[in-house]
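Here's the structure, in structure tokens; my notes come after.
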Amino acid sequence: MSIYKNNRENPLSAVILCAAALMCGCSRSSAEYASRDFFAFDTFVSVTSYDDDFDMDSLEMRLCEISDELQSVYGADANTLSGEYISECAELSSVLSKEIGGGINITCGALTELWGISSDNPHVPAQDDIYNALATICGGFESLETLPSGTRLDLGASAKGYACGKAAELLEESGVSGGIVSMGSSLLLFGEKPDGSSFKSAVRNPENSSEYIGIVETSAAYVSTSGGYERYFEENGKRYEHILSPETGYPVETDLTSVTVIIPYGTENGGILSDLLSTAIYAEGTAGLEHFMGIDYCSIIAADKNKNLYVSNGVDFTLYESSGYRLSQ
């Protein structure tokens, strides 16, 4: 018997970060904002611009174009792929993954396809099939053309963060004063709010995605969250989450339930880094937290299975005690 959960079917889970980010108490009427909701990157995307004359069509078209191109990697040999966004996202992901550590490998696409956890038919594969998929994973690469035949990509740990960076470029080019782009698990907080106050973003409760653990306040930033609660299935009483280990071929075993990474706007490759880091930290578990907490360009909020909460120094975070979580000392 299998039980399957996929947050593609839950619009609330995709826009809850954006809704929280809009909790600002601005005196300006929301009718003066430009806003748009659409589907891309396998989730609901919500965009708000504090300038009501911003051309939303241009941003929607750009993000949908990026989404279509990046999603075309699935089912295709990596060395046959082409496209500006695929090349840039893949090569940045490979280089940055090595720099941050944490065991992320974007050439595990054959393994991802085998498990099908984000598909309509997830299942536990045969061990021989897992071995065969593991054999297609490469240690690293400099360009797609250098990858051996049979290698397939999985950009799930970086695509949304990469797209947030591209959205920021377009907003800058358009002279937008401020806004929010929410892709569910990745969020761009751009520019400034009309009243000059901080952006507020919710940290979801991994045990109940309609509730919050607390609220974090920041200036302009990239915010990404990873957790096994996002997509998983159960088979024969065991739960299998969507983040796979390129070493074992099985879902990662971690004592963390949720990791949120905040990187200040203006940090080079900040969008894609926030996405990669949240996945890497989640996969490493609490054993790797000390290392990642030492990275000076990011802040971390991580929850474990015992409802302990680990928060980087200096983060403006308000814990909701009703969530049952407690700050780790």
At 0.36 nm per residue, and after removing the present C-alpha to C-alpha distance, how many nm does the segment from Cys138 to Glu60 gain when stretched out fully? 24.7 nm
Please list the helices of the chain that count as membrane-span-like by this rule: a mean Kyte-Doolittle hydropathy of at least 0.0 together with Cα atoms stretching 18 Å or more along the helix axis, each helix being a complete DSSP H run. 84-100, 270-284
Determine, from the Cβ-Cβ distance of Glu234 and Asp53 and an R0 of 41 Å, the FRET efficiency 1/(1 + (r/R0)^6), rounded to the nearest 0.05. 0.25
Only Cα pairs within less than 10 Å get springs; with that Gaussian network setup on the chain, which residue of Leu114, Leu70, Leu155 has the largest fluctuation? Leu114
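I'm checking a number: the convex hull volume of the Cα atoms of the range 153-241, normalised per residue, in Å³. What is it?
Normalising the Cα hull of the range 153-241 by residue number yields 97 Å³.
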Sequence-separation-based contact order of the chain, relative, with Cα cut under 8 Å and 6+ spacing, percent: 20 percent
Run the accessible area of the range 19-172 with a 1.4 Å probe and give the carbon-and-sulfur part as a rounded percent. 47 percent
Expressed as a whole-number percentage, the relative contact order of the range 36-131 with C-alpha contacts under 8 angstrom and at least six residues apart is 16 percent
Counting only protein heavy atoms and using a 1.4 Å probe, what share of the accessible area of the range 199-298 belongs to carbon plus sulfur, as a whole percent? 41 percent
Where the chain is the region considered: accessible area per residue in Å², 1.4 Å probe: 43 Å²
What FRET efficiency comes out for Ser177 versus Thr248 if R0 is 41 angstrom and r is the Cβ-Cβ distance? Round to the nearest 0.05. 0.30
Going down the table (Lys166/Lys305; Lys98/Lys160; Lys160/Lys238; Lys98/Lys200; Lys200/Lys238), which pairs top 26 Å between alpha carbons? Lys166/Lys305; Lys160/Lys238; Lys98/Lys200; Lys200/Lys238
Given the C-alpha atoms of the chain, compute the convex hull and give its volume per residue in Å³. 127 Å³
Rounded to two decimals, what ratio of Rg to Rh does the range 239-279 give with C-alpha atoms and a Kirkwood Rh? 1.08
If amide hydrogens are placed 1.01 Å from N in the peptide plane, which non-local residues have theirs closer than 5 Å to the one on Glu235? Ile3, Tyr240
Under 5 Å between amide hydrogens, which residues at least 5 positions from Gly178 or on another chain qualify, with H placed 1.01 Å from N in the peptide plane? Tyr50, Asp51, Glu192
Mean ellipticity per residue at 222 nm, deg cm²/dmol - from DSSP H runs of n ≥ 4 across the chain, formula -39500 (n - 2.57): -9000 deg cm²/dmol
Go from 0 up to the bin containing the longest alpha carbon distance in the range 60-164, width 10 Å each, and give me the % of pairs per bin. 15, 48, 32, 6, 0
Give me the percent of Cα-Cα pairs in the range 102-141 that sit more than 12 Å apart, rounded to a whole number. 58 percent
Hits in the range 35-60: amide N under 13 Å from the 7 Å Cα→Cβ extension of Tyr265, namely 48-51
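The values are calculated or read from the model by the stated rules, or taken from the named source; none is laboratory data. Everything quoted here is computed from the prediction, not taken from an experiment. Note: ideal-geometry Cβ built from the backbone for every residue, glycine included; neighbour counts use all protein chains shown. With ligands, DNA and RNA removed, areas are computed over all heavy atoms of the protein, side chains included. Shrake-Rupley method; radii C 1.70, N 1.55, O 1.52, S 1.80 Å.
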